[in-house]
Amino acid sequence: MTAATATVNPYDTADTRLQRLAAGPAEGWLTLGGVALMIVALGWSVDDANWVGVDSMTDFLPLVGLAGVLVGFVGPKLGWGRWTTHLLGVAFAAMILPLIGGDIVLGDTVEGWGPIALAERYRAMADIVTQVWIDLGVRGLPRTNEFGHYFLAFGALLWATGQFTSYAVFGHRRALDAVIVTGLVLLANMSLTDNPQLHLMVLFTLAALTLLARAHAFDERVTWLRRRIGDPAAVTGLYLRGGAVFISAAVLGSLFLTATASSAPLQGLWRDVPATLAEFSQWLQRYVPLGGNPRNPGIVAFGSDANVTGVWSSNDNVAFRVDLPATETEKFYWLVGTYADFQVTSWRWGETESLERAAREDLLATTVEDPVATGLRREVRFDVVPDTFRQHYVVSPQTIRWVDRDATVRTIGPSEYFVAVEFDGGEPYTATALVPVWGSDVGAVNENRLRVASRDYLSETRRLYLRVPDGAIGPEAQALLDKILARSPADNPYDIAKTMELYLRSRNFRYDTDVQAESQRQCEGVSTVECFARIKAGYCQYYASTMAILLRKAGIPARLAQGFLPGQRGSDGRETVRNSGAHAWVQVYFPGYGWIDFDPTGGDVSEIGTRPSGAPETPTPRPSFQVVTDQPGFTDQEGPDGRSSGPIGPGPIGPDRPTSGPYIAIAGLLVIGVLALGWVAWRRGPRPMHPDRAWGSIARWAARLGLGPRASQTVYEYAGVLGDAVPVVRPELATVANAKVEMAYGRRELDTGRMKAVAEAHRRLRIGLLRLALRRPKGLRRRR
């Protein structure tokens, strides 16, 4: 066997190549088995993570990966070029993956594999992909209810990885590239899921090390055959036996260390990373599946979007600690931000403006929510010490007044309704808040005063906090609202809100932090509110979203609030708030009293205390005029009962133009693709190069650095001079010089493999010769 046998002879017939392939690949079946086992381990890892949220839906991934391996293996063995192999693989994948995805989505509704059944499966996937683009790119929704496109995405990932890995081994003879790429994808998946996958890592490690050992043994065998030194079979067996011993020792040693190691030397480096990536993870949720058991990084992330994903995950790590006066007895909900825009399956801040405030300056002064001008309030001063919650948001009870840092207040609307306070977080800070005083004092809040509060809402309040998007309330949600209104003891916003709060907390609904599977089965294409009314199960975001939107439908301004439940407070006033207390609740607007917290979440989660009833109050006269807002499709006209008639024929409230998110994602993917192609091209090396061209290029490079050849020097003499000047490039010089001599003086025709070796040596020589520009050895100057 010679080096030429490592490549495909272009004069072979198709039958000859097939016969050779049937007899076994030159690299050995063990090499193909190692590649296949790596891809199977990756497929099992992605399948086990269950990202789509329904068991067994991604069982096809290992088989798809093996199909990619088969294409990458057969292509170079049949003499296909790199681009031919990859383009044919893409064509096969484009035909097969939509059929698999369509079959999973349609299930038993389509049987058989005739032309009509195939067309139905293709049509189903085309409809899904089109709807995803409309939801994310055209309507600008935070996320889509479709999930069938994930089968295409994961299938393409496995197919592409398998095809690249196989071609890297059998086409480029670069086993290390195959191991690195597949290993990075596997590690990325394992780092995101909390499922135990050590066994899959062991399987991948065994396959990868076996592949590397077998590839190295094959390269040595080819080298010994080309140079005709020793017995190739003996050296191959030696490398394989030594490799087997090393693999066994490495895997067993790694398992032993994994079982016994207890230190965490890098955990300090991880401390601030989750907070840095929090905003990115919020944006990424629009485009990635939200099922599975994702690894919790130890923080709770808040942002401009609040996506209702079907799964609420947190941990019991400390989020932050608060020092309150030891005499403080009231429990506080720790507010991070409020959300005005409901987007069917998520919430958004809305179009915000920024108010820059200096340290200790009243944050909400001049805004409609200035707490100084809203009822009787008392000041609460507190010190916050962040732990794992290191986002750039201030937490505060009810309505914040000032913070001892320069801060930015996010507001919405011309009247500047509160959204959030941003600052350079991560360090302890001091702040004060003004919270309502509950009782019967003048200006204090109690139930009877809220019952008779005015319904004369500002036009802007109606526009921002009475909006109900098209499709938010379906038949089940409407029936739920009708039932609650019938149960309300009186026709006023407070009694309706209280009745709704208590009814949603009742045993008619089940608190559950994972309703992904139920929502996928019963809630395809419907809103979070309609889904909750159907399945009667969910977590805080489901409860709060339902209450807020049903109140809006009843003409009562409401918004979603997110933050933390009260923590555990000691006798010294030190309160510990944990990530497990991350929560969503509802704020209802009462003119003259501001926003009042309501928490409809069941499962004994809500910690809203008993409100004082107070003495009977005289009802506030209801306005008899109508206010027209600037929101199309809505009216602020008072109905005969005094309540706002609410939305009339509401339409979509999404952005007027597509958001930039999809385009940023596409641009990012293109940049990653270009970088990946550049890296692969670099690893693959240049195309075959003629020795005369390579030798002439080297001479010109050396001449620019003062070491050009003399007319009397032979090729080998000049190679020796350059080798003395730059010893590290002697092997490359020998490769090019030998090829030059063989072709110029021996009249030999070199095969493609030798010319590729010349090209690789030429590339390394140019880099090595640059050392002369930085450090010229003494005595080695060009002789004239």
Query raised in the report: For labels at Asp59 and Glu749 in the simple 7 Å Cα→Cβ model, what's the distance in nm?
Result: 5.5
Requested in this report: Would you tally the net charge around Gly65, using a Cβ to Cβ cut-off of less than 15 Å, leaving Gly65 out, and scoring K and R as +1, D and E as -1?
Outcome: -3
Query raised in the report: Roughly what percent of Cα-Cα pairs across the range 565-608 reach past 11 Å?
Result: 72
Query raised in the report: Taking the radius of gyration and the Kirkwood hydrodynamic radius from Cα positions alone, what is the Rg/Rh ratio for the range 432-554, to two decimal places?
Result: 1.02
Report summary line: Simple spin-label estimate for Ala359/Ala91, 7 Å along Cα→Cβ, in nm, reads 6.9
Report task. Can you check what the net charge comes to around Asp406, using other residues whose Cβ is under 12 Å from the Cβ of Asp406 (Lys, Arg +1; Asp, Glu -1)? Result -> -2
Query raised in the report: Suppose R0 equals 51 Å; then what is the FRET efficiency for Asp194 and Ala734 from their Cβ-Cβ distance, rounded to the nearest 0.05?
Result: 0.45
**Report entry** Computed over the range 87-177, Cα set: Rg, Dmax in Å
**Finding:** 16.2, 47
Query raised in the report: How many nm separate the modelled label positions at Asp316 and Leu705, each set 7 Å beyond the Cα in the direction of the Cβ?
Result: 6.3
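Since every read-out is calculated from the coordinates, none of them should be taken as a lab result. This is a predicted model, so every value here is computed, not measured. No Cβ is skipped: glycine too gets one built from the backbone with ideal geometry, and neighbour counts run over all protein chains shown.
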